Amino acid sequence: VRVKYIALLRQKLPRFAAQRADDDLHGLCDRGIISANAYGLTTEYNGYCFIAARLVLGEDFDVNPKTGWSQEILHDRRMEQDVKTKLIELRVMIDTRTDISPHGR
């Protein structure tokens with residue numbers, strides 16, 4: 001899965017991924033998968049979007065006070081994982097004008 005994520009990050013987010021070596025992206029993906037799972041984001045699509053948000057916003061976006069909105073979304077246990085992911089996608093788009101969706105808009 002990690003190799004698939006890295007290829008997709010390089011394809012969909014070249015401006016951000018080009019700044020990172022493959023080893024760095026491997027680490028980003030490994031840590032991202034663990035964190036995504038902890039927030040209940042367990043599908044491949046949702047894991048990718050979480051990792052893409054980390055690439056664009058910073059690896060600490062889920063705990064950084066500057067992106068406090070992410071904590072409200074990710075810690076809501078009543079919200080389904082697909083809804084969490086869509087909200088994160090939309091917020092990243094609003095804040096950075098970057099589409100992190102693997103399918104594009």
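The values are calculated or read from the model by the stated rules, or taken from the named source; none is laboratory data. For clarity, every value in this text was computed on a predicted model and none was experimentally measured. Ligands, DNA and RNA are excluded from the accessible area calculation, which covers all protein heavy atoms including side chains. Shrake-Rupley method; radii C 1.70, N 1.55, O 1.52, S 1.80 Å.
So the values come out like this:
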read-out: Mean separation of Cα contacts under 8 Å, 6 or more apart, over the residue count of the chain: relative contact order %; value: 25
read-out: Stokes-Einstein D in µm²/s, Kirkwood radius over Cα pairs - region 18-78 at 10 °C with 1.306 mPa s viscosity; value: 134
read-out: Theoretical ellipticity at 222 nm over the chain - DSSP helices of four or more residues, -39500 (n - 2.57) apiece, nearest 500; value: -20000 deg cm²/dmol
read-out: Cα-based helix-to-principal-axis angle, 44-57 vs the chain, degrees rounded to 10; value: 80
read-out: Aspartates and glutamates whose Cα lies under 15 Å from that of Lys12, excluding same-chain neighbours fewer than 8 positions away; value: Glu89, Asp99
read-out: Degrees between helix 81-96 axis and first principal axis of the chain (Cα, 0 to 90, nearest 10); value: 70
read-out: Gained length - Arg97 relative to Arg77, 0.36 nm times residue gap less alpha-carbon distance; value: 4.4 nm
read-out: Accessible area, probe 1.4 Å, largest first, for residues Leu8, Leu41; value: Leu8, Leu41
read-out: 3J(HN,Hα) from dihedral phi, region 74-80, Karplus parametrisation 6.51/-1.76/1.60, rounded to Hz, x for glycine, proline; value: 5, 8, 7, 6, 7, 7, 5
read-out: Enclosed volume per residue, in Å³, of the convex hull spanned by Cα atoms of the chain; value: 88
read-out: Solvent exposure ordering (accessible area, 1.4 Å, most first) of Lys84, Lys12; value: Lys12, Lys84
read-out: D (Stokes-Einstein, µm²/s), Kirkwood Cα radius, region 59-105, 1.002 mPa s at 20 °C; value: 192
read-out: Nearest 10 degrees, 0 to 90: helix 2-12 Cα axis against the chain principal axis; value: 80
read-out: Sequence of Glu80, Glu59, Glu89 from largest to smallest accessible area, 1.4 Å probe; value: Glu80, Glu59, Glu89
read-out: Whole-number percent relative contact order across region 46-105, with pairs defined as alpha carbons under 8 Å at least 6 apart; value: 37
read-out: For Ile34, solvent-accessible area (1.4 Å; no DNA, RNA or ligand), Å²; value: 120
